[in-house]
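All remarks here apply to the structure that follows.
Bear in mind these aren't lab numbers, they're just calculated from the coordinates by the rules spelled out. Owing to the predicted nature of the structure, the values given are computational and were not obtained by experimental measurement. Ideal geometry is used to build each Cβ from the backbone, glycine not excepted, and the neighbour counts take in all protein chains shown.
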Amino acid sequence: MRTGRVVTYVVLIGAALLVIFPVYYVIAGSVMAPGRISSYPPDLFPHGFFTGNYKGATSSGTPIGQQYLNSILQTSIITLSQLITSVLAAYAFVFMKMWGRTVLFGLFLATLMVPWESIVLPNYLTITGWELGGHGLTKTYAGTMIALVLPFLANAFGVFLLRQSFLQFPVELRDAATIDGAGHWRFLSRILLPLNKPALMAVGLYVFLSAWNQFFWPLLIGDSASRRTLQIGISQLNDAEAADPGLILAGVTLSILPTLAIVIFGQRFIVRGLTAGAIR
Amino acid sequence: MLLPCVVVFALFIVWPLGKSVSLSLHGSDLFGRPDAYVGLQHYKDMLGSAEFRHILWVTFAFVLLTVIPGVLGALVVVLLLEQHIKGIRIFRTAFALPFAFSVASASVIFATIYNPAIGLANGLLGRFGVDRIGWLTDPSWALISIAITTVWMSIGYNVLVLSAGIGAIPTEINEAATLDGAGGFRASRYITIPLLGPQLFFLIVISTIQSLQGFGQIKILTPEGGPEQSTKTLVYSIYHTAFANNASDFGAASAQAIVLLVILLACTAIQFGVLERRVHYK
């Protein structure tokens, strides 16, 4: 029995170290002086705090400062928009009686089965074919931003999650609000949303994570480096600065700060969002 | 109130779906725009080519190399976490950390580790007297290296889903098992694993779907589809046919996109239909 417990701990600690190692490596490597990180035999400890990699990463040919702003803007627009469109749709599905409601909800869910990769080409042709102020959409900064966010302004996953949450709302409370003269809008903004904050947080953080981490679509959109998102930026940093791993790891460390904060501090909210499909 | 969603879905999901089919039946000009109607020619070319069979094989191998280790590894971890471990919260957070990494950041970190000359992986191997490995340049290793990266990215999610599943098992069941003298491995084998059936099944399907859609890690780690095209999966091939080297063959790429759609819909259908009946439900 005792040896069993020792084995349990050894295996668990080993597995945890394997999983944590790349996380440790990116942060430790980002503060290692050049030469030390690629020394042989390999050195796993920083021995000091070298900030030159961060200076290098923020002043290299890849404008990751600007790309950081681009990603924040892109992610904020997508998150805010999905929260609004999901709340409206979930509200309609739960609190408004209408013809064909179940069928329509089924169709909403069906959109989740369509893989983005199988519709990306027509979307690319459509969006790059549009014009803004006489130019192709992706020829200007504003146009590029529009192109980045447009297909993701709504998503059925948020609708699904919020509908689940709204369905648990007590009917009596809803009726009481109606009797007190609260219309749809007042009920939604004053009563329903404040009481569904955990679900809204779950949807918001989930959408934020997935928008921040997008790769395929932003790879296709954006004509110049300064209009790229951060994810594309760090992959270009990887190609351009291959001889300087410390600099690359500094760029990666900067890029994961927002999502690392979400995973560490918002864990219970994302757990709810991520496991929604798994527990039935 | 449903209008915003309906407009976005119609414009960017439903209409493109039809358009994909239509693109796959047309040739394309230099800019990828459709020109002459070619019927099923793209499909005939595709299904008759040895290259496409190779792509399907790579895609299938990638699914096996990511789903099996990813789900089994997470299952072992979760079963061990159940053995009344001290510091369980620290372990949980540790396994959740890869979540924070996007496909791009994870791939770039592993690219640094895999670097043939100055990377950590070969450095450590060298210390133990093992020959260098061409992690991303050797055709027999490239897909495995990308699979390792992918498993690392997905393990956190898998642990989370299985932990939630275990949390939903009534404690009386385990207490009864302990009273009957079934602890540790026997309890895992005969109680926990069967009761985790729905979550395991969900994970296998969802991991398969995600593997089939894997793109960023392949594009970043092996920009040209790998040595001897050893990492050229279906999704990578769609991208390559449409965008790489100004190929702009949106017609042929769309035919591949439809094949991908059919495969993924089949996976979803399996999830909802055939296998669901065999899984133990409470």
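Structure data summary
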| read-out | value |
| --- | --- |
| Restricting the range A:1-88 to chymotrypsin sites (Phe, Trp or Tyr not before Pro) in coil, as DSSP defines it, with at most 16 other Cβ within 10 Å | A:Phe49 |
| Signed unit charges on C-beta, dipole axis of the protein assembly as shown, positive-most listed residue B:Pro116, A:Pro170, A:Gly222 | A:Pro170 |
| Helix A:2-30 vs. chain A, principal-axis angle (Cα, 0 to 90°, nearest 10) | 80 degrees |
| Overall Cα dimensions of the range B:133-259, principal axis frame, Å, largest first | 68, 36, 17 |
| Net dipole in debye of the protein assembly as shown [+1 Lys, Arg Cβ; -1 Asp, Glu Cβ; about Cα centre; nearest 20] | 1320 debye |
| Tilt relative to chain A, helix A:197-212 - C-alpha long axis, 0 to 90 degrees, to 10 | 50 degrees |
| Those aspartates and glutamates that a straight Cα-Cα span of less than 18 Å connects to A:Lys139, excepting residues fewer than 8 apart in one chain | A:Glu131, A:Asp223 |
| Computed magnitude of the charge dipole of the range A:23-170 (debye, nearest 20; Cβ of K, R +1, Cβ of D, E -1) | 280 debye |
| Cα centroid of the range A:130-209 to Cα centroid of the range A:1-71, whole Å | 37 Å |
| Pairwise centroid distance, computed over Cα atoms, of the range B:37-69 with the range A:86-100, Å | 41 Å |
| Convex hull volume of chain B per residue (C-alpha atoms, cubic angstrom) | 192 Å³ |
| Whole-Å distance, taken between Cα centres, linking the range B:204-249 and the range B:135-194 | 28 Å |
| D (Stokes-Einstein, µm²/s), Kirkwood Cα radius, the range A:1-160, 0.890 mPa s at 25 °C | 115 µm²/s |
| Cα-based convex hull volume of the range B:172-229 per residue, rounded to whole Å³ | 127 Å³ |
| Angle between chain B longest axis and helix B:197-212 axis [Cα atoms, degrees, rounded to 10] | 30 degrees |
| Compactness of the protein assembly as shown as Cα Rg over 2.2 N^0.38 Å, two decimals | 1.01 |
| Percentage relative contact order, the range B:162-252, counting C-alpha pairs under 8 Å, at least six apart | 17 percent |
| Residue-averaged beta-carbon neighbours from other chains (10 angstrom radius) around A:18-25 | 6 |
| Eligible lysines near B:Lys44 by straight Cα distance, threshold 26 Å, same-chain separation 8 or greater | B:Lys19, B:Lys232 |
| Number of partner chain Cβ atoms within 10 Å, mean per residue of A:30-40 | 2 |
| Cα-only Debye scattering, the range A:62-116: base-10 log of I(q)/I(0) at q = 0.13, 0.18, 0.27, 0.32 Å⁻¹ | -0.53, -0.76, -1.04, -1.13 |
| Straight-distance crosslink candidates among lysines, where the alpha carbon sits under 26 Å from A:Lys97 and sequence neighbours closer than 8 are dropped | A:Lys197 |
| Whole-number Å³ per residue for the convex hull built on Cα positions in chain A | 210 Å³ |
